[in-house]
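Novice: I am attaching a structure below and will ask some questions about it afterwards.
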Amino acid sequence: MFSFDHNLSMVEAHNALPGNKTPVIVSGTHYVLGTPLTPPFPPDYEKAVVAMGCFWGAERAMWSLEGVYTTAAGYCGGFSQNPTYEQVCSGKTGHAESVLVIFDPTLLSYAEIIKVFYETHDPTQYMKQGNDVGTQYRSAIYCDDPNQMQTALEITQRYQNTLITANMGQITTEISLQSDFYYAEEYHQQYLAKNPSGYCGLKSTGLKCL
């Protein structure tokens, strides 16, 4: 992964790139799971969107969970419609590299997804993750409804207490109701399955999220 701009300040809406009229087209099939990448999804399944730095490693962490139906790499949390990877890396769209997770709530809870989210990266790093620096690498949870937000906030507070006990820093994770999720280009989808020796900059704190 790379960044054209190490700007650590979020672009304001009026200064953001306008984006593009047409969305990125993806193949429609998950390379690992063989399930659809795009809607419609099974009606009883639920959705989560998280960002934890480079979306290559983040997506792999999510597709590995039992109960996950499909995942996709994309962009969320910003202002520009249908952005490209290069536009997101410019820091001028406001988007974070994100992962869409569609899951069966009878097999996997939203709370469990958020726990894995916190255990997979370091949420105390501001606008960066490892060597990846820029607003697109920020830690974020984009909630689908108020119930998800409440769950995310409660787990965040518990994990913050764990970090304090371990003399570690403050969580900087952005938690908000979800904005539009835009699919990333095809070559980003399930990247680390297609390229097993590919780059993954995620590094956890080593602390369990209880």
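FYI, it's all coordinate maths here, none of it is from the lab. This structure is a prediction, so every number in the text was calculated from the model and none was measured. Because the Cβ atoms are built from the backbone with ideal geometry, glycine has one as well, and the counts that use them run over all protein chains shown.
Novice: Would you mind finding the one in 53, 34 that is on the phi > 0 side of the Ramachandran plot and out of contact with any Gly (no Cβ under 8 Å at 6 or more places or on another chain)? Working first, answer last.
Specialist: Working: 53 fails: out of contact with any Gly (no Cβ under 8 Å at 6 or more places or on another chain).
Being on the phi > 0 side of the Ramachandran plot and out of contact with any Gly (no Cβ under 8 Å at 6 or more places or on another chain) holds for just one of 53, 34, which is 34.
Novice: Please determine whether any residue of segment 133-143 is in contact (Cβ under 8 Å) with a residue 24 or more places away in the chain and surrounded by fewer than 17 Cβ atoms within 10 Å (Cβ to Cβ). Can you show your working first?
Specialist: Looking only at segment 133-143, we keep the residues that are in contact (Cβ under 8 Å) with a residue 24 or more places away in the chain, and these are 133-143.
From what is left, the residues that are surrounded by fewer than 17 Cβ atoms within 10 Å (Cβ to Cβ) are none.
No, every residue in segment 133-143 fails to be in contact (Cβ under 8 Å) with a residue 24 or more places away in the chain and surrounded by fewer than 17 Cβ atoms within 10 Å (Cβ to Cβ).
Novice: Just to verify a result, which residue in segment 155-201, among those that are out of contact with any helix residue (DSSP H, G or I) (no Cβ under 9 Å at 6 or more places or on another chain) and of a type in the set (A, V, I, L, M, F, W, C), is farthest from residue 49 (Cα to Cα)?
Specialist: Taking the candidates together, the pick is 166.
Novice: Where the second residue is of a type in the set (Lys, Arg) and the first is part of a loop (DSSP other than H, G, I, E, B) and lies in segment 10-32, which pairs have Cβ atoms under 7 Å and are six or more apart or on separate chains?
Specialist: 11/92; 16/92; 17/92; 31/194
Novice: Shifting gears a bit: For segment 194-210, give me each residue that is part of a loop (DSSP other than H, G, I, E, B) and in contact (Cβ under 8 Å) with a residue 40 or more places away in the chain. Show your work before the answer.
Specialist: Our first condition is that a residue be part of a loop (DSSP other than H, G, I, E, B); within segment 194-210, this holds for 195-210.
Scanning segment 194-210 gives 198, 199, 200, 201, 202, 203, 204, 205, 207, 208, 209, 210.
Novice: Something else: Determine whether segment 60-71 contains at least one residue that is loosely packed, with under 14 Cβ neighbours inside 10 Å, part of a loop (DSSP other than H, G, I, E, B) and in contact (Cβ under 8 Å) with a residue 60 or more places away in the chain. Show your work before the answer.
Specialist: Initially, segment 60-71 is screened for residues loosely packed, with under 14 Cβ neighbours inside 10 Å, giving 64, 66.
Cutting the leftovers down to part of a loop (DSSP other than H, G, I, E, B) gives us 64, 66.
Narrowing the set further to residues that are in contact (Cβ under 8 Å) with a residue 60 or more places away in the chain leaves none.
So far as segment 60-71 goes, no, none of its residues is loosely packed, with under 14 Cβ neighbours inside 10 Å, part of a loop (DSSP other than H, G, I, E, B) and in contact (Cβ under 8 Å) with a residue 60 or more places away in the chain.
Novice: Among the residues of segment 175-203, how many are crowded, with 16+ Cβ neighbours inside 10 Å and either under 21 Å from residue 111 (Cβ atoms) or of a type in the set (A, V, I, L, M) (or both)?
Specialist: Of the residues in segment 175-203, 7 are crowded, with 16+ Cβ neighbours inside 10 Å and either under 21 Å from residue 111 (Cβ atoms) or of a type in the set (A, V, I, L, M) (or both).
Novice: Could you please let me know if residue 118 is buried (at least 21 other Cβ atoms within 10 Å of the Cβ) and more than 11 Å from the chain's Cα centre (by Cα)?
Specialist: Numbers: buried (at least 21 other Cβ atoms within 10 Å of the Cβ): yes; more than 11 Å from the chain's Cα centre (by Cα): yes.
Yes; evaluated as a whole, the condition is true for this residue.
Novice: If you don't mind, another one. From the residues in segment 33-50 that are in contact (Cβ under 8 Å) with a residue 12 or more places away in the chain and more than 25 Å from residue 95 (Cα to Cα), which one is surrounded by the most Cβ atoms within 10 Å (Cβ to Cβ)?
Specialist: Of segment 33-50, the ones in contact (Cβ under 8 Å) with a residue 12 or more places away in the chain are 33, 35-38, 41-42, 44-50.
Filter once more, keeping what is more than 25 Å from residue 95 (Cα to Cα): 33, 35, 42, 44-45.
On the way: 33: 16, 35: 16, 42: 12, 44: 8, 45: 18.
The extreme case among them is 45.
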